[in-house]
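Shown next, in structure tokens, is the structure this report addresses.
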Amino acid sequence: MTLPETLRRALLRLAPEARRLLVAVSGGGDSVALLRLLLALPEPRWGLEVAHLDHALRPDAAEAAAFVRALCWEHGVACHTARVDVARIAKDRGWNLEDAARRLRYGFLTRTAKRVGADAVVTAHTQDDQAETVLMQLLRGAAHLQGMPARQGRVLRPLLEVPRSALRAYLRALGQDCLEDPTNADTSRTRAWVRHVLLPTLAARAPHVKATLARHAALQRDQAAHFRRLAQGLIKDAGAEVRALLAQDVAVQRAAVAELLRCAGVPVDAGHVEAVRAALPTPHPVRLSLPKGYAARVAYGRLELVAPTAPPSPAPPLELPAELDAAKLAAFPAARFRTRRPGDRVRLPGGSKTLADLLIDRKVPREARDRLRVLAAHGEVLWVEGVFVDPRVARAPPAPDEDARWMRLALNEARRAAERGELPVGAVVVRGGAVLGRGHNTTRESGDPSAHAELHAIRQAAAALGDWRLAGCTLFVTLEPCPMCFGALLSAHLPRVVYGATNAREGALGGVADLQQHPWKRTVAVRGGVLAAEAGALLTAFFRARRQAASGRGAR
Ligand SMILES: Nc1ncnc2c1ncn2[C@@H]1O[C@H](COP(=O)(O)OP(=O)(O)OP(=O)(O)O)[C@@H](O)[C@H]1O
């Protein structure tokens with residue numbers, strides 16, 4: 001079968017309803033070939049438009065956008081390009097760079113598709129990409145080696161069974177040039193190492209390894225879907241009856257544990273799934289720690305997933321924390337990021353003391369102490385997240401952060417909420433250096449589940465402006481907004497939100513789900529983590545007091 005015909009059939013199978021396609025073109029060989037193949041299909045063919053995102057990650061990134069525009073112009077196809085500063089957003093939100101690029105790219109593609117009336121986004125992922133993904137899942141210890149799905153919402157990957165070499169041969173036959181992304185050749189990155197070192201090594205012994213891995217992924221996907229349906233029948237209220245689980249085959253038990261984790265947004269890792277499954281028959285209550293601050297509890301005949309009581313501490317920093325000076329750190333080659341250890345000491349002007357004593361002095365809540373990130377050279381602590389910086393490694397104080405200034409006002413609001421026994425969350429809406437609205441949670445006092453700090457501040461700002469459109473405003477809120485408040489932001493045309501602590505229970509900007517990824521008509525610029533330690537400490541103290549009150553009641 002010819003390549004265009006393979007592609008046509010795959011598209012008809014994946015999205016028989018689609019009429020108009022948005023083709024994701026990076027300028028690389030695979031996506032240029034995809035576009036040329038779509039253009040080569042006999043009439044009537046799909047309506048085509050192209051989208052390209054410039055991630056602003058390489059000095060020559062703008063050239064790729066120009067190349068894609070020229071290619072589209074040559075073939076009479078509309079081309080939509082945009083530029084996003086991926087590195088800055090990744091830093092602001094604490095995401096890793098590749099993850100940020102992917103999220104922002106898919107967000108842009110689906111938004112553009114919606115705007116131009118395309119039914120689907122088509123990417124040029126090949127059989128080689130699929131094989132690489134399966135190997136990376138294996139190396140990561142993922143519970144399922146399913147590769148990428150051929151259809152994921154609006155996104156179609158119709159070339160998953162086509163080898164990259166076939167696309168490159170097609171381009172050569174056409175005399176079509178393309179760009180090569182130099183980072184694809186950088187084997188210090190796992191994906192490039194898998195592509196250029198691991199797969200060729202495997203292929204030297206097993207020539208069909210890519211096709212085999214891609215087929216394995218497709219079979220795994222079908223099996224996993226079957227097991228997931230069985231698992232869903234066993235799960236209720238973020239838990240399952242142990243007896244019902246143990247009556248099932250171990251594979252179904254694993255699927256149920258994996259499904260519980262997946263629903264909570266906890267990364268599904270084979271090791272954790274097995275550890276929880278193995279704990280099911282336990283006669284005594286058991287608690288197992290999981291990523292993102294979650295825990296699995298097996299007690300009183302039930303398996304339950306316990307959400308973190310405080311925002312989970314962020315992943316190790318991609319870059320140095322702002323208050324540390326890289327040049328000064330060179331004097332401490334043994335310095336490493338970790339959590340605290342017994343015997344850790346800090347150097348203070350009047351002598352030294354144990355880190356344990358310092359944390360008590362600084363009133364860091366007991367349950368937060370083991371999660372704090374620490375930078376230490378052996379037992380000598382140079383930095384403690386949000387608590388301490390040794391002057392020998394401290395950077396000159398940065399210019400005052402304007403966002404932090406407004407966040408302090410939001411924190412004052414949160415303290416007001418705490419004084420009234422409300423969840424301590426506060427918010428202010430600011431425009432042109434003036435506070436237009438402020439508020440804190442009053443759900444308990446008003447008996448109104450929607451009485452969140454953000455909504456109070458938004459309503460006040462709209463009243464102050466005499467306009468429900470909060471153009472040019474920024475919302476500062478101490479806790480990452482929930483889906484309801486994110487919806488209110490969109491409705492109010494609020495262009496920017498700055499939040500403090502991550503909301504691991506209801507966060508709509510990455511804490512639980514990232515609603516930004518969806519193709520809303522408007523985009524909201526987001527910055528998280530501003531004075532997060534202070535915002536988090538308020539919440540921790542609130543939940544601790546509530547737990548103490550509850551146990552006091554139980555004892556009486
Ligand atoms: N900057 C971008 N703009 C639009 N689409 C993109 C962009 N980067 C990647 N894509 C889409 O995602 C697919 C997979 O991208 P990825 O970078 O993982 O693969 P690749 O093998 O390097 O592909 P290509 O050779 O097309 O660049 C691409 O084939 C393309 O369809």
Full extension between Ala211 and Ala169 adds, at 0.36 nm per residue less the Cα distance, a length in nm of 13.3 nm
Charge dipole (the stretch 237-306, unit charges on Cβ, about Cα centre) - positive-most of His284, Gln248, Leu303: His284
Once both axes come from the Cα atoms, what is the angle between helix 164-174 and the longest principal axis of the chain, in degrees from 0 to 90, rounded to 10? 50
Under 26 Å from the Cα of Lys521 - lysines, other chains or at least 8 residues apart: Lys91, Lys114
To the nearest 20 debye, what charge dipole does the chain have about its Cα centre, counting +1 at the Cβ of each Lys and Arg and -1 at the Cβ of each Asp and Glu? 1000
So for the stretch 3-199: antiparallel DSSP bridges make up what percent, rounded to the nearest 5? 10
Please list log₁₀ I(q)/I(0) at q = 0.11, 0.12 Å⁻¹ for the chain, using the Debye equation with identical point scatterers on the alpha-carbon positions. -1.24, -1.40
List the residues, sorted by chain then number, that are 5 or more residues from Val524 or on another chain and whose placed amide H is less than 5 Å from its amide H. none
What is the ratio of the Cα radius of gyration of the stretch 3-199 to 2.2 N^0.38 Å, with N the residue count, to two decimals? 1.00
Normalised convex hull volume, the stretch 237-306, alpha-carbon set, Å³ per residue: 73
Potential extension, Glu98-Arg229 segment - 0.36 nm per residue separation minus Cα distance: 44.0 nm
Normalised contact order of the stretch 237-306, rounded percent, pairs of Cα under 8 Å and 6 or more residues apart: 36
Tell me the mean residue ellipticity at 222 nm calculated for the chain from its helices only (DSSP H runs of n ≥ 4, each -39500 (n - 2.57), averaged over every residue, nearest 500). -13000 deg cm²/dmol
Relative to the first principal axis of the alpha-carbon coordinates of the chain, what is the inclination of helix 532-555, with its axis defined by its Cα atoms, in degrees from 0 to 90 and to the nearest 10? 60
On Cα atoms only, tilt of 61-75 relative to the major axis of the chain in degrees: 40
How big is the dipole moment of the stretch 3-199 about its Cα centre under a simple scheme where the beta carbon of each Lys and Arg is +1, that of each Asp and Glu is -1, and everything else is neutral? Debye, nearest 20, please. 580
Gyration tensor (Cα) of the stretch 400-543, equivalent ellipsoid semi-axes in angstrom: 20, 17, 15
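What does DSSP give for the chain in terms of the percent of beta bridges that are antiparallel, rounded to the nearest 5? The partial results should precede the final answer.
Values: 42 of 69 bridges.
Here the antiparallel bridges make up roughly 60 percent for the chain.
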Length-normalised contact order for the chain - Cα pairs under 8 Å, 6+ apart - percent: 10
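Between Arg420 and Ser551, take the C-beta separation as r, use R0 = 35 Å, and let me know the FRET efficiency to the nearest 0.05. It would help to have the intermediate numbers written out before the result.
Working: r = 22 Å, r/R0 = 0.63.
The value I calculate is 0.95.
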I need the fraction of alpha carbon pairs in the stretch 326-389 separated by more than 13 Å, rounded to a whole percent. 61
Every cysteine in the chain with no other Cys Cβ under 4.7 Å from its Cβ, please list them in numeric order. Cys178, Cys263, Cys473, Cys482, Cys485
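Every read-out reported here was derived from the displayed coordinates using simple, explicitly stated rules and does not represent laboratory data. Values in this document were obtained by computation on a predicted structure and should not be read as measured data. All Cβ positions, even for glycine, are placed from backbone atoms using ideal geometry, and neighbour counts span all protein chains on display.
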